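Report on the structure given below.
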Amino acid sequence: MKFLKHTRLSVIAVGAAIASFSAIADIKIGINVPLTGFAAADGKSALDGAKLAVAQANAKGGIKGEKIELVIYDDQASPKEVVPLATKLIEKDKVVGVVGGSYSGPSRAAASVFQAAQVPYVVAYAIHPDVTRAGDFMFRTSAMGEVQGRGGAKLVSNLGKKNVVVITVKNDFGQSLASGFKEGAAKFGLNILGEHEFSMPERQFGALIAKVKEQNPEVIYASGYFFNAGPLVNQLRAAGVTVPIIGQEGYDSDKFIEIAGPASEGVLITTSLDRDSASPATKGFLADFKKAYSSGADMVAAATYTATEILIEGLGKTGGKGGAALRDAIAAGKYDTAIGKLTFNDLHEVNKDIQVQVVKDKAFRRHSVISDAVLLAAPTKASK
């Protein structure tokens, strides 16, 4: 199967396409994103990535001359809100495919709705395993939580550390990462000194940090999102905790650096986007995103751009048709994308490397790449 090719287009043409996004189109695809509420910043990044992919596709002629329309719904990162929106995309909007631009909770809830309707759902960055287990019309372009967690354990081992404290945000995201990390810790002989949890709304971590200091780890593995990881890292450093901190893609936002301030320097994250990649697909995306929005792209934007491109390429192969034909076209593809080269296994989990970024001089920069195919292997139909 042919690889996605990144084609540089006139900035004016793409900008005009983004500006006139509500123009009448012939082929409709949907996206659920959190545009209001606690996850709105991630929702904006996701939507910007998806809009750019659609605008570029339409500037190149769409699907056999038919324009693509992106139907957008705000799910507020809520499982309760997303179910009627998913139904609306199917029954009212008649979309042929959907991009998941939201968190694991709403993505899990929407997955069963799209599966029942046989509408392909390409999830960008939701990492809970239940998304793809909903059925064969589900796809994921970022590594699932357990895989990222194992990658985190590998990173600890690569740093030459053994004694670790695990800090987990209490939701699907954090729990799946912790599960994978503990699996990897056993493999690499790491010693977990303690495990601590915090809730999504928490921003004050004094009691938790006191326990961490008592345990005296060599490294901290802490899940979270920019809005709670930022305060956590800031307070750890303020309390005199100087050991390496390893986060994940939830940290992958300039807002994390803004919130954590100088404490963010040296923080490591496992993620999908390598900002220093020499790949034309990645470099082209980063340049085009910067020109379109006058800001840098984060992992959420890159992953959602990728998910949208993959859905559009599938539509190109089916002539705009959805259903099983689109599912099969997506599943068979080999893709060279903004987040690296990837394929899907038989459960439609992604096969790809994990990027390690480090905050250096107030920006995310390449640290290393984890490319152990056995370690990073996602579940298959036989093993799920």
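The values are calculated or read from the model by the stated rules, or taken from the named source; none is laboratory data. None of these values were measured; they are calculated from a predicted model. Positions of Cβ are generated from backbone atoms using ideal geometry, with glycine treated the same way; all protein chains shown enter the neighbour counts.
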In segment 93-118, residue surrounded by the most Cβ atoms within 10 Å (Cβ to Cβ) [restricted to those that are over 17 Å from residue 344 (Cβ atoms) and among the β-branched types (Val, Ile, Thr)]: 95
Residue identified as surrounded by fewer than 23 Cβ atoms within 10 Å (Cβ to Cβ) and touching a His at 6+ places or on another chain (Cβ under 9 Å) among 281, 263: 281
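Matching residues to (1) surrounded by fewer than 21 Cβ atoms within 10 Å (Cβ to Cβ); (2) of a type in the set (A, V, I, L, M, F, W, C); (3) assigned by TED's automatic domain parsing to the domain that holds residue 267:
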| site | (1), (2), (3) |
| --- | --- |
| 301 | no, yes, no |
| 304 | no, no, no |
| 308 | no, no, no |
| 328 | yes, no, no |
| 335 | no, no, no |
| 343 | yes, no, no |
| 361 | yes, no, yes |
| 364 | no, yes, yes |
Single match in 253, 179 (criterion: surrounded by fewer than 18 Cβ atoms within 10 Å (Cβ to Cβ), in contact (Cβ under 8 Å) with a residue 24 or more places away in the chain and under 22 Å from the mean Cα position of the chain (by Cα)): 179
Of the criteria (1) modelled with pLDDT of 95 or more; (2) under 27 Å from residue 154 (Cα atoms), which one residue 286 fails: (2)
Pair list, Cβ < 7 Å and 6+ apart or interchain, from segment 198-216 residues that are in the same structural domain as residue 170 (by TED's automatic domain parsing) and under 15 Å from residue 230 (Cα atoms) to residues that are modelled with pLDDT under 95 and surrounded by 16 or more Cβ atoms within 10 Å (Cβ to Cβ): 200/171
In segment 47-64, residue farthest from the chain's Cα centre (by Cα) [restricted to those that are farther than 22 Å from residue 327 by Cα and among the hydrophobic types (A, V, I, L, M, F, W, C)]: 59
Any hit, segment 151-173, residues being in a loop (DSSP other than H, G, I, E, B), out of contact with any Leu (no Cβ under 6 Å at 6 or more places or on another chain) and buried (at least 24 other Cβ atoms within 10 Å of the Cβ): no
Criterion: in contact (Cβ under 8 Å) with a residue 40 or more places away in the chain, assigned by TED's automatic domain parsing to the domain that holds residue 363 and more than 21 Å from residue 174 (Cα to Cα) - qualifying residue of 322, 266: 266
Wholly within segment 258-359, strands (runs of 3 or more DSSP E) carrying at least 2 residues that are farther than 27 Å from residue 71 by Cα: 268-271, 354-359
